[in-house]
1. Tell me which of these M226 doesn't satisfy, since it passes every other one: (1) away from the ligand (no atom under 16 Å from the Cβ); (2) outside any helix (DSSP H, G or I).
2. Anything in segment 419-443 that is open to solvent by 10 Å² or more (accessible area, probe 1.4 Å) and part of a helix (DSSP H, G or I)? List them, or say none.
3. So if I check each of K161, K196, K211, K201, which one is among the basic types (K, R), more than 10 Å from the ligand (Cβ to nearest atom) and in a strand (DSSP E or B)?
4. List every residue pair whose Cβ atoms sit under 8 Å apart, with the two residues 6 or more apart in sequence or on different chains, where the first one lies in segment 452-474 and is under 13 Å from C427 (Cα atoms) and not assigned by TED's automatic domain parsing to the domain that holds L59 and the second, anywhere, is of a type in the set (F, W, Y) and not in a strand (DSSP E or B).
5. Tally the residues that are more than 16 Å from the ligand (Cβ to nearest atom) and either of a type in the set (S, T, Y) or surrounded by 19 or more Cβ atoms within 10 Å (Cβ to Cβ) (or both), restricting the search to segment 229-242.
6. Please verify whether segment 258-267 includes one or more residues that are at pLDDT 95 or above, part of a strand (DSSP E or B) and not polar (S, T, N, Q).
7. Applying the selection to segment 402-418, what residues are of a type in the set (D, E) and open to solvent by less than 10 Å² (accessible area, probe 1.4 Å)?
Amino acid sequence: MIENNRFFDFLVSHAKNYGFIFPSSEIYGGINAVYDYGQYGVELKNNIKKYWWKSMTQLHENIIGIDSSILMHSDIWKASGHVNKFNELLIDNKDSKKRYKPDFLIKEYVERKFTKNSKKKKEILFRLSKSLEKKDFLDIKTIIEELNILDPICKTNNWTKIRYFNMMFKIENEKDLYLRPETAQGIFSNFHNVKKSNRMKIPFGIAQIGKSFRNEFFARKFIFRMREFEQMEMQFFILPEEENKWYEYWKKIRLKWHLMLNLGIKKYKLYQHKHLAHYASAGTDIEFNFPFGFKEIEGIHSRKDFDLKNHELFSGKKLRVYETKKNYIPYVIETSLGLDRIFLAILASSLKEEKLENGSVRTVLKIPYCLSPIKAAIFPLVKKKGIPEIAKKIFNDIKINHRLIYDQKESIGKLYRRQDAIGTPLCFTVDYKTIETDTVTVRYRDTMEQKRIHVKEISKIIEQKTGLINILKKLSRFI
Ligand code: ATP
């Protein structure tokens, strides 16, 4: 129903109009690449977190969770390589004062100027990739000059030299203090505390959900690339000789975790990295087909002993284990999922416009039932004969167990539409018949089917249809 080219705008405005995502600081004109989660957004986000957290810490008895601080000792970022290697290549235009990625400028130029199979285009791209590999920034600048690439805004070629920019946010007036760019280092620095306090033996994992910050110069695509975002990361500590076994295991389990959401098997692709991050010896991305194409949603990396070894070096503290008569630094398999990216994947896959039999159109968010922000709505059909009071009593009786909404502000048709638009799986309507028979109508979001059920069944139906337990049970078969 919604044309492809307008789908993304439709999604962004739906997210705002229905309280999922607001642009941050909007009353002051906004701030680039930072967003706030609204009343339904935060519920959906919390449910995703719950699904991830339980699948890690409840289904695996050898994984425990922590919540480490965002600010950490500055040496952590030296040991992790972020101070020296967490960089992005950038060039500035002195007239427009805008900053660009030089390789993007060149790629964008050749795409525009040359035909698909043009020999010249291939030559330029080949030269660019060689210069990137050799870190020959002078040559990259020369390509820009030879092609006379202009700033897209001010149309001049008044470029600075090409430089590396560190992507960490540094805190002003605090020497070497950074906002963390990943949650993983809080796990590595607590490796021994966790191991000792919980008597853990290799293999074991530490999971964490938390905010990370990166100075993304090219933040765009809504919540896909933000400067403040949330990660759900797990570091699994293993025997070095079992690296391959656990790397394969975690690739499989993480993909299963995604597939359980039923967003569509064709929406996922695995991409094996050829160019690895500075800490990794093997890496696979789980890519998702977002409205703007396949992009990384989660990374699974083998970090070998990179982090623990460097923290030993920088801190002077032993971070090795002595188990089964061996003294060694464990290897690490990492799974790292962006909470905002999985949120966007769910929202984009769930938002539909459907033409109904009577010719009207409904907008519906077909969010997986177990993640829906609101589990059920309770409505009185009319505002008389004590019907609202009965509906309110039903609501009060079960609101302790489930996240519900009570609403009587509009006609029943409009109330259904509103719940469809925020993805509520079940609506229960109280009417005249309720007074005599203690029954209500239940309406299912996806099929719009309606059935009569006894009041006593409401809570059980909500639990059965929307509980996390179903999906966790299915996932546990693979663990
Ligand atoms: P990308 O290549 O897209 O920049 P990355 O390889 O730098 O991602 P990682 O460092 O592996 O990402 O981080 C793990 C996960 O954190 C990513 O898979 C992604 O889901 C999420 N993530 C990373 N950067 C951002 C960001 N700026 N905004 C939102 N989520 C992010």
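1. (1) is the only condition that M226 fails.
2. Y432, K433, I435, E436, T437
3. Values: K161 fails: in a strand (DSSP E or B); K196 fails: in a strand (DSSP E or B); K201 fails: in a strand (DSSP E or B).
Answer to the check: K211.
4. Note: pairs meeting the criteria are K465/Y369; T466/Y369.
5. Just the residues of segment 229-242 that are more than 16 Å from the ligand (Cβ to nearest atom), to begin with: 237-242.
Among the residues that remain, those that are also either of a type in the set (S, T, Y) or surrounded by 19 or more Cβ atoms within 10 Å (Cβ to Cβ) (or both) are: 237-238.
Of the residues in segment 229-242, 2 are more than 16 Å from the ligand (Cβ to nearest atom) and either of a type in the set (S, T, Y) or surrounded by 19 or more Cβ atoms within 10 Å (Cβ to Cβ) (or both).
6. No, every residue in segment 258-267 fails to be at pLDDT 95 or above, part of a strand (DSSP E or B) and not polar (S, T, N, Q).
7. Start the filter on segment 402-418 by keeping residues that are of a type in the set (D, E), which leaves 407, 410.
Hits for segment 402-418: nothing passes.
Residues checked against (1) more than 26 Å from E230 (Cα to Cα); (2) in contact (Cβ under 8 Å) with a residue 60 or more places away in the chain; (3) within 16 Å of the ligand (Cβ to nearest atom):
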| site | (1), (2), (3) |
| --- | --- |
| Y268 | no, no, yes |
| S281 | no, no, yes |
| L308 | no, yes, no |
| P330 | yes, yes, no |
| L339 | no, yes, yes |
| I346 | no, yes, yes |
| G359 | yes, no, no |
| T363 | yes, yes, no |
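The values are calculated or read from the model by the stated rules, or taken from the named source; none is laboratory data. As the structure is a computational prediction, the values presented were derived from the model and not from experiment. As a convention, Cβ positions derive from the backbone with ideal geometry for all residues, glycine included, and neighbour counts pool all protein chains shown. Side chains included, ligands, DNA and RNA excluded: accessible areas come from the protein's heavy atoms. Shrake-Rupley method; radii C 1.70, N 1.55, O 1.52, S 1.80 Å.
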